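Have a look at the structure below, then the notes.
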Amino acid sequence: MKKTQVLLLLSIVLFSFTGANSQNKSKNNAPLFSNFTYQGDDQVYKDNPLKSDEFYTPILQGCYPDPAITRKGDDYYMVCSSFAMFPGVPVFHSKDLVNWTDLGGVLNDVTQFNPHDTGISGGVYAPGITYNPHNDTFYMIVTAFSGNLGNIIVKTKDPMKGWGNPIKLGFGGIDPSIFFDDDGKGYVVHNDAPDNGKERYNGHRVIKMWEYDVQNDKVIPGTDKIIVDGGVDPAKNPIWIEAPHLYKKDGKYFLMCAEGGTGGNHTEVIFKSDSPKGPFIPAPNNPILTQKYFGRDRKNKVDWAGHADLVKGPGDKYYGVFLAVRPNEKNRVNTGRETFMLPVDWSGEFPVFENGLVPLEPKMKMPQGATENKTGKEGFFPNGNFTFNDNFTSNKLDNRWIGLRGPREKFIAITKKGLQINPFNTNIKDLNPTSTLFYRQQHNIFSLTTTIDYKPNSEKDLAGIVALQNENSNYVFGITKKDTEYYIVLQRNQKIENETTVTSKIVASAKIDLKNPVQFQMEANGDDYEFSYSLNGTDFINVGGTVSGDILSTNVSGGFTGCLLGLYATQNNDARP
């Protein structure tokens, strides 16, 4: 062997050894999370205990907005918006509309749906889901604001077994849904801007329809038609007609839409026609669902109700799912827009949400045939006040754990001692995937604890917990290093109006003796949040006092999501004591 070959071989061996050693060093420095507990304690559920034939609404607490629902036989499937959370479009299954199982996300392949560089309120939202009995196929249709996808549709014969690849549909607008008529023909309806030059006012939108080629999975060019222009009463300049769904009953076609925008003026309205192509005439009793008429300070306030979908439930009784919010005492929306349910009376010409035009109550009667409320038991999704524990000993993470802008599997590893998060070189404020495992805030009053085994190498390293409304509005509470000492630090990040960058402020910090794992705690009582730590597992030390949850609110920080609670690690820390 020549001398140059020997030197080359030695270089390769040396490089391989140092590279592997560096990789192991990085992994050894990764934080280990264990003993995670989230406990909800809202007063409304204490004041309204369930009877044996009742269940709570919202049925999905936390950031699960824009619900859509469909049915095949005795199986009900429901989807919600997920924005830049990953996987995209959570899907749920039920046999009785009471007990729901979380099936994970429809869009779970990052090579096909990749929101890696989008703000948290981008990604995908306002999905529709429809079962087509003519070909025994489920369709999920949604608008994707990343990866040059636009409006897409995915299909499956069985939502329990996963979904096919996204199919680009080639039309604009948002909030699409698909309807299959008795003759097998398909129609897509969606929100869109008015034709060029015809926008009359800010918020003027239209509902557009396309005929759908079921064989080739595309809209038929030239069939697009505006079927609603503006809203129920165009003379009043209605805003944001959106979220359309088509139904057929007694030979007539009904178009249900949201109107007024997602906020205090949100309503649900209904139109009727002899043809799926219109003309659609609004019902005289619109709106059929809203909370906009009631006092701001009412007890157990539920607001923003709208963006609904209907399904025929047990006993041929109709039910509607819709989004609404439960603000805290300062009228801030930290739990985000949630999925609620009400029975629907369709005994007359038009459907009406039962008790949907009076202040919403926190519970309702179970549908016919539902024999037991198993929420929070036997693998069914919980609601009301509940406790979620995770020691990260299962080979498969609970579907409630999500990534942001990318899959959680890229940065986590399940070990015998807990969950290892291998930190990315990205900060929580970056528009890139972060090494953060998120759980939705589901109560206005809650506590969260977790144990972290971690020793940072430098001030660029941090691991801990975050409360995040978006990349511009969040709290970071973690362990870092300064010189040779270890510190606990609480950082508040907020983008001030009219400024281009995020303002970061160290609320407080504390030097710690880092000999053993540290227990972290976050507590919220409405708008008041507190962050604490314990070195002995018993005595908690508050850092920073009580801080405001204002920046964790949708209606303060903007966007469409609720607060996410994260287990966070980074090698690009800027929270310096």
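The values are calculated or read from the model by the stated rules, or taken from the named source; none is laboratory data. Keep in mind it's a predicted model, so treat the numbers as computed, not measured. Every residue, glycine among them, receives a Cβ derived from its backbone with ideal geometry; neighbour counts consider all protein chains shown. Just so you know, the surface numbers come from the protein's heavy atoms only, side chains and all, with ligands and any DNA or RNA stripped out. Shrake-Rupley method; radii C 1.70, N 1.55, O 1.52, S 1.80 Å.
Structure notes:
- For the range 487-535: rounded, prolate or oblate by the Cα gyration tensor [a/c cutoff 1.5]: oblate
- With all protein chains in place and a 1.4 Å probe, the accessible surface of the chain carries 47 percent carbon and sulfur.
- Overall form of the range 80-194: oblate. Here a/c, set by the Cα gyration tensor axes a ≥ b ≥ c, is 1.5 or more, and a/b is not larger than b/c.
- Shown here for the range 375-438: trypsin sites (Lys or Arg not before Pro) in loop regions (DSSP other than H, G, I, E, B) with at most 15 other Cβ atoms within 10 Å, namely Lys377, Lys396, Lys416, Lys417.
- Rounded to the nearest Hz, the phi-derived 3J(HN,Hα) couplings of the range 370-381 under the Karplus curve 6.51 cos²θ - 1.76 cosθ + 1.60 (θ = phi - 60°) are 7, 8, 8, 7, 10, 4, x, 10, 6, x, 7, 4, where x marks glycine and proline.
- Using only alpha-carbon positions in the range 126-185, the gyration tensor eigenvalues give semi-axes of 20, 14, 9 Å once each is multiplied by 5 and square-rooted (largest first).
- Judged by the gyration tensor of its Cα atoms, with axes a ≥ b ≥ c, the range 25-145 is oblate; a/c meets the 1.5 cut and b/c is at least as large as a/b.
- Per residue accessible area of the chain, 1.4 Å probe, in Å²: 41 Å²
- Relative contact order computed over the chain (Cα-Cα under 8 Å; 6+ residues apart), in percent: 17 percent
- For the range 377-422, alpha-carbon Rg over 2.2 N^0.38 Å: 1.31
- For the range 221-349, the relative contact order works out to 16 percent when only alpha carbon pairs closer than 8 Å and six or more residues apart are counted.
- Length-normalised contact order for the range 353-512 - Cα pairs under 8 Å, 6+ apart - percent: 11 percent
- The loop-placed trypsin sites (Lys or Arg not before Pro) in the range 483-573, going by DSSP, that have at most 12 neighbouring Cβ atoms within 10 Å of their Cβ come out as Lys515.
- Members of Lys95/Lys249; Lys218/Lys277; Lys236/Lys292; Lys277/Lys365; Lys155/Lys198 lying beyond 26 Å, as alpha-carbon distances in this model show: Lys277/Lys365; Lys155/Lys198
- Distance between the modelled labels on Ala235 and Lys157, one decimal in nanometres: 5.5 nm (7 Å Cα→Cβ projection).
- Calculated FRET efficiency for the pair His116/Asp297, C-beta based, R₀ 35 Å, to 0.05: 0.25
- Charge dipole magnitude, Cβ of K and R +1, D and E -1 - the range 153-276, Cα centre, debye nearest 20: 180 debye
- For the range 180-223, diffusion coefficient by Stokes-Einstein and Kirkwood Rh (Cα), 37 °C, 0.692 mPa s, µm²/s: 273 µm²/s
- Angstrom value of the Kirkwood radius, inverse mean 1/r, which spans all Cα pairs in the range 410-565: 16.2 Å
- Site-free segments of the chain were taken between GluC sites (Glu not before Pro) in DSSP loops having at most 14 other Cβ atoms within 10 Å, sites themselves excluded; the longest one is 1-198.
- Set of aspartates and glutamates near Lys225 by C-alpha distance (under 12 Å), chain-local residues within fewer than 8 positions excluded: Asp192, Asp195, Glu211
- Distance histogram in 20 Å bins (all Cα pairs of the chain, percent per bin): 20, 51, 24, 4, 0
- Exceeding the 24 Å Cα-Cα cut-off - candidates Lys51/Lys374; Lys46/Lys317; Lys157/Lys208; Lys46/Lys417: Lys46/Lys317; Lys157/Lys208; Lys46/Lys417
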